[in-house]
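Step one of this worksheet: look at the structure below.
The values are calculated or read from the model by the stated rules, or taken from the named source; none is laboratory data. What you see is a predicted model; the values in this text were computed from it and never measured. Cβ coordinates were reconstructed from backbone atoms using ideal geometry, including for glycine residues, and neighbour counts include every protein chain displayed.
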Amino acid sequence: QAYNYPVFMDFDESHFNTNPYGKYEKLRRPLKNIYIAYSDVLAEGSEKTHGNLRARFNNGDTEVLEAVEKWKSLTLLFRDALQADDMDTMFDCIDTNFDIRNMITDLHPQQVELVKLARQSGACAKFCGSGGAIIGMYRDDRMLSRLRSDLSKAGVNMLLPNIVYQE
């Protein structure tokens with residue numbers, strides 16, 4: 001982010017009635033146990049991954065509109081869980097985010113396998129970006145070790161981001 005700290009971004013329509021941007025809130029609680037995993041061969045352009053979601057949204061597609069409302073709720077739930085250090089709820093939010101996306105779009109099966117691979121180690125996972133990369137959380141060093149091993153065997157790269165908080 002360009003703000004030097006993690007940010008909760010609220011794009012509620014009522015805020016846009018008076019401002020040309022979203023409402024941004026600093027997340028003061030550290031994000032712990034985050035990983036990013038990616039495949040060098042599975043990346044795709046946004047247009048392929050997101051397909052016709054914008055058109056479906058603009059046309060009032062009920063499935064897409066309901067998904068957007070669920071995603072909105074998940075962001076609020078995750079923010080509150082982060083503040084309460086509620087790892088179970090954060091895991092559920094991340095997994096549910098992906099599950100919703102998987103229900104309303106045609107995802108590349110190998111990209112879906114990235115998420116399944118991470119989840120089999122006990123970690124949570126969702127796409128970050130347009131495919132070929134996932135982000136999630138792990139609970140402890142033992143889970144991290146399993147995750148790293150499972151991903152490595154599949155030829156998937158993993159990194160642990162160093163999230164810096166600067167005022």
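Being assigned to a helix (DSSP H, G or I), out of contact with any Lys or Arg (no Cβ under 9 Å at 6 or more places or on another chain), free of Cβ contacts under 8 Å to residues at least 40 places away in the same chain and not small (Gly, Ala, Ser) is true for just one of 95, 88, 99. Which residue is that?
Of the residues listed, the single one that is assigned to a helix (DSSP H, G or I), out of contact with any Lys or Arg (no Cβ under 9 Å at 6 or more places or on another chain), free of Cβ contacts under 8 Å to residues at least 40 places away in the same chain and not small (Gly, Ala, Ser) is 88.
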* From 82, 76, grab the single residue that is under 15 Å from the mean Cα position of the chain (by Cα), over 21 Å from residue 153 (Cβ atoms) and surrounded by fewer than 18 Cβ atoms within 10 Å (Cβ to Cβ). => 76
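For residues that are among the small types (Gly, Ala, Ser) and closer than 25 Å to residue 73 by Cβ, scanning just segment 8-47, find the one that is modelled with the lowest pLDDT.
In the first step, residues of segment 8-47 are kept if they are among the small types (Gly, Ala, Ser); the result is 14, 22, 37, 39, 43, 45-46.
Filter again for closer than 25 Å to residue 73 by Cβ, leaving 14, 22, 46.
Numbers: 14: 81, 22: 82, 46: 53.
Of everything passing the filter in segment 8-47, 46 is modelled with the lowest pLDDT.
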* **Given (1) at pLDDT 95 or above; (2) surrounded by 14 or more Cβ atoms within 10 Å (Cβ to Cβ), index of the condition residue 102 fails** => (1)
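Would you point out the residue of segment 115-147, among those that are assigned to a helix (DSSP H, G or I) and in contact with a helix residue (DSSP H, G or I) (Cβ under 8 Å, 6 or more places away or on another chain), that is surrounded by the fewest Cβ atoms within 10 Å (Cβ to Cβ)? Lay out the reasoning, then the answer.
Of segment 115-147, the ones assigned to a helix (DSSP H, G or I) are 115-120, 141-147.
Those still in the list that are in contact with a helix residue (DSSP H, G or I) (Cβ under 8 Å, 6 or more places away or on another chain) too: 115, 117-120, 147.
On the way: 115: 24, 117: 19, 118: 28, 119: 18, 120: 12, 147: 24.
Of everything passing the filter in segment 115-147, 120 is surrounded by the fewest Cβ atoms within 10 Å (Cβ to Cβ).
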* **Odd one out for residue 143, checked against (1) more than 23 Å from residue 77 (Cβ to Cβ); (2) over 14 Å from the mean Cα position of the chain (by Cα); (3) without any contact (Cβ under 8 Å) to a residue 40 or more places away in the chain** => (1)
* Can you confirm whether segment 149-161 contains a residue that is in contact with a helix residue (DSSP H, G or I) (Cβ under 6 Å, 6 or more places away or on another chain) and in a helix (DSSP H, G or I)? => yes
* To do: Hey, can you tell me all the residues within segment 158-167 that are at pLDDT 95 or above and either exposed (fewer than 12 other Cβ atoms within 10 Å of the Cβ) or farther than 12 Å from residue 32 by Cβ (or both)?
  => 158, 159
* Please determine, by comparing only the residues of segment 105-114 that are assigned to a helix (DSSP H, G or I) and hydrophobic (A, V, I, L, M, F, W, C), which one is surrounded by the fewest Cβ atoms within 10 Å (Cβ to Cβ). => 112
